[in-house]
Amino acid sequence: MIRTILTYPNPALKKKSLPVNIITDSTRELIQDMAETMYAAPGIGLAAVQIGVHQRVILIDVSGKNEPPDLIVAINPVIVHSEGETFEEEGCLSVLDYAANVKRHARVVVKGLDRDGVERTWEAEDLLAVAFQHEIDHLDGILFVDHLSPLKRELFKRKARKASEEKR
Ligand code: NI
């Protein structure tokens, strides 16, 4: 089922997500809904918190629309190693009509569980590395705009306020 994606400034996006202790049918249903929601958006990543579920589950697929899907499901993901630096433009399904360059690590190693509860290690670079960092941030209530300089962040906030006033 496609779920509604929460958008900035919804306070639920700032809340920390809790670890998943046991993978149950409801976890599997959550993952299914997240996949449908992410592909329908379309987006390359989604954290459970973005559909209002505060569990540490992220989905990523950076394969692109002309490639077969390559879905990564990571439960309780943790960055165990990071190196290098990259500065690429990011957007977010929870931040409408805004994109900005964000400083990230160029390579990360992530440990977590896959959808079957099997321990996995993902070695990621470039776009995939950025996606892992972006989605894991969501689990801690952090949006990519939180990484902007104070000035840029102020400009973003002003733009978002104006957009929401226009909608009324
Ligand atoms: Ni996002």
Under Karplus coefficients 6.51, -1.76 and 1.60, residue-wise ³J(HN,Hα) of region 83-96 in Hz, glycine/proline x: 7, x, 9, 9, 9, 10, 6, 10, x, 7, 5, 9, 10, 7
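Quote the relative contact order of the chain in percent (integer), defining contacts as alpha-carbon pairs under 8 Å separated by 6+ residues.
23 percent
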Between 0 and 90°, nearest 10: helix 150-167 axis offset from the chain longest Cα axis: 80 degrees
Accessible area in square angstrom per residue, the chain, 1.4 angstrom probe: 58 Å²
Given Lys65/Lys152; Lys14/Lys162; Lys111/Lys157; Lys65/Lys167; Lys16/Lys65; Lys16/Lys157, the pairs whose alpha carbons are separated by over 28 Å: Lys65/Lys152; Lys111/Lys157; Lys65/Lys167; Lys16/Lys65
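Can you tell me, using C-alpha contacts under 8 Å and at least 6 residues apart, the relative contact order of region 1-99 as a whole percent?
Relative contact order for region 1-99 comes out at 30 percent.
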Shape category assigned to region 1-54 from the gyration tensor of Cα positions, a/c cut at 1.5: oblate
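Shape verdict for region 11-167, please, from the Cα gyration tensor: rounded (a/c under 1.5), prolate (a/b greater than b/c) or oblate.
It is prolate, given that a/c is not under 1.5 and a/b is the larger ratio.
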In nm, spacing of pseudo-spin labels at Arg168 and Asp97 (7 Å Cα→C-beta vector): 1.6 nm
Highest-first arrangement of 30-39, 12-21, where packing means the average Cβ count within 10 Å: 30-39, 12-21
Angle in degrees between helix 25-40 and the longest Cα principal axis of the chain, rounded to the nearest 10: 50 degrees
Angle between the chain longest axis and helix 126-139 axis [Cα atoms, degrees, rounded to 10]: 80 degrees
Label-point gap, in nm, between Ala41 and Ile2 - each point 7 angstrom along Cα→Cβ: 1.4 nm
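The values are calculated or read from the model by the stated rules, or taken from the named source; none is laboratory data. Everything numeric here is computed off the predicted structure, so don't read it as measured data. No Cβ is skipped: glycine too gets one built from the backbone with ideal geometry, and neighbour counts run over all protein chains shown. Note: accessible area is taken over every heavy atom of the protein model, side chains too, but ligands, DNA and RNA are not part of it. Shrake-Rupley method; radii C 1.70, N 1.55, O 1.52, S 1.80 Å.
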